[in-house]
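The values are calculated or read from the model by the stated rules, or taken from the named source; none is laboratory data. Since this is a predicted model, take the numbers as computed values, not measurements. A quick note on method: Cβ atoms are made from the backbone with ideal geometry, for glycine too, and the neighbour counts reach across all protein chains shown.
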Amino acid sequence: MIKNNLSNHKNLTDNQLLQLYLAEDDLNYLGHLYQRYSEMVYYICLRYLKNSEDSNDAVMQIFEELITKTKKHTINDFPKWLYVVSKNYCLMYIRSRKNKLEIVTDDFVEFSFDLHQMENAEQKEEQLLKLEACIEILRANQQTSIKLFYIQQKCYNQISEITGFSKNDVKSYIQNGKRNLKICMENKNHE
């Protein structure tokens, strides 16, 4: 087992650093792991927030979120997971400035992924409004499960506890809700 060998942190894999952080609750491990991807996080934030000061602040805020989020989620691929967490943070930040509810869009709305391409904010906002409208027409059990899973970032077990739905029902409601949202978004985009 690897034990308190921070001087050799560069030789440790992402998963080893993460497991050491979770086992020992030592922020040094998480800090070393996050440092490997902080530049990626900065550019994700810059892409969405459009200014370096807000992006630098976001990089720090995202690290603070990781302190608890890493303990709540099973993480198989840290960089991909961190990308989603960073993007969601930025979208929530943008939307909170407008006092609107944030919706995670990965599975329902396709946006091109190019860190250097300027996004059309009006078009993106239009897509988010369509997505919100589509969520509102879902069956109640799908709507509740989708909102808890994607917006409030609850896991299956937490959703089951909150709603009283079985874990299998929660999975089914989310899967069917995602499919229905994709269909609805495709129809709205062809209108």
List every residue pair whose Cβ atoms sit under 8 Å apart, with the two residues 6 or more apart in sequence or on different chains, where the first one lies in segment 167-189 and is without any contact (Cβ under 8 Å) to a residue 12 or more places away in the chain and the second, anywhere, is surrounded by 15 or more Cβ atoms within 10 Å (Cβ to Cβ) and part of a helix (DSSP H, G or I). 167/156; 167/160
List every residue pair whose Cβ atoms sit under 7 Å apart, with the two residues 6 or more apart in sequence or on different chains, where the first one lies in segment 78-97 and is at negative phi and the second, anywhere, is of a type in the set (S, T, N, Q) and in a helix (DSSP H, G or I). 89/61
The residue from 66, 30, 17 that alone is assigned to a helix (DSSP H, G or I), modelled with pLDDT of 90 or more and in contact with a Lys or Arg (Cβ under 9 Å, 6 or more places away or on another chain) is 17
Check off (1) part of a helix (DSSP H, G or I); (2) modelled with pLDDT of 85 or more for residue 7 and give me the number that stays unchecked. (2)
Do you know which residues across segment 53-68 are within 24 Å of residue 17 (Cβ to Cβ) and touching a residue at least 24 places away in the same chain (Cβ under 8 Å)? 58, 61, 62, 63, 65, 66, 67
Looking only at segment 115-173, count every residue that is of a type outside the set (D, E, K, R), modelled with pLDDT under 85, more than 30 Å from residue 68 (Cα to Cα) and not in a helix (DSSP H, G or I) and tell me the total. 4
For segment 44-60, the count of residues that are in contact with a Leu (Cβ under 7 Å, 6 or more places away or on another chain) and either exposed (fewer than 15 other Cβ atoms within 10 Å of the Cβ) or outside the structural domain of residue 78 (by TED's automatic domain parsing) (or both) equals 1
